[in-house]
């Protein structure tokens, strides 16, 4: 449904107006198997993923162990874990790159931003900066990286320039 031009709007309305515990099936389905790959890289599916992330993002920083977390916190963490594992691939995709950009620039998602920058972007900066879609992700990374991560990104760029000349 999430990849259909009209049905994705229905899912967004459900997510917007129905309590999170009643929408859990949507997140569970998106995060099952390789579903996320198909949905996040789809023109319409990426909107459903981003809408879920936007709606649940404020709950990402909740403290507590898994037994005491709200359903919203569990859902956003489940989604962000799934997305951050394949951020390198997603940042190069025509549609999925928008979700990676959103994660990087959203303050309450800083834990996942830092993970994406350190595990997916670092070590690949020059190549990602030159590619059509991932170059936009790299712009966000340079703008929103914390100080230490920014130093590492800049160092990688300069080391790449020195080694190629």
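The values are calculated or read from the model by the stated rules, or taken from the named source; none is laboratory data. Everything quoted here is computed from the prediction, not taken from an experiment. A quick note on method: Cβ atoms are made from the backbone with ideal geometry, for glycine too, and the neighbour counts reach across all protein chains shown.
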Does any residue in the range 14-28 that is outside the structural domain of residue 53 (by TED's automatic domain parsing) come within less than 9 Å, Cβ to Cβ, of a residue that is surrounded by 15 or more Cβ atoms within 10 Å (Cβ to Cβ) and assigned to a helix (DSSP H, G or I) six or more places away or on a different chain, and which pairs are these?
none
So, in the range 1-19, of the ones that are closer than 29 Å to residue 88 by Cβ and touching a helix residue (DSSP H, G or I) at 6+ places or on another chain (Cβ under 7 Å), which residue ends up surrounded by the most Cβ atoms within 10 Å (Cβ to Cβ)?
2
Taking the range 23-41, which residues are in a helix (DSSP H, G or I) and either surrounded by fewer than 12 Cβ atoms within 10 Å (Cβ to Cβ) or in contact with a strand residue (DSSP E or B) (Cβ under 8 Å, 6 or more places away or on another chain) (or both)?
25
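Of the residues 91, 46, only one is surrounded by 19 or more Cβ atoms within 10 Å (Cβ to Cβ) and not assigned by TED's automatic domain parsing to the domain that holds residue 5; which? Steps first, please.
On the way: 46 fails: not assigned by TED's automatic domain parsing to the domain that holds residue 5.
Result of the check over 91, 46: 91.
Having 1 or more residues that are at positive phi, touching a strand residue (DSSP E or B) at 6+ places or on another chain (Cβ under 9 Å) and surrounded by 15 or more Cβ atoms within 10 Å (Cβ to Cβ) is the bar; report the helices (runs of 4 or more DSSP H) wholly within the range 95-165 that clear it.
Fully inside the range 95-165 and qualifying: nothing.
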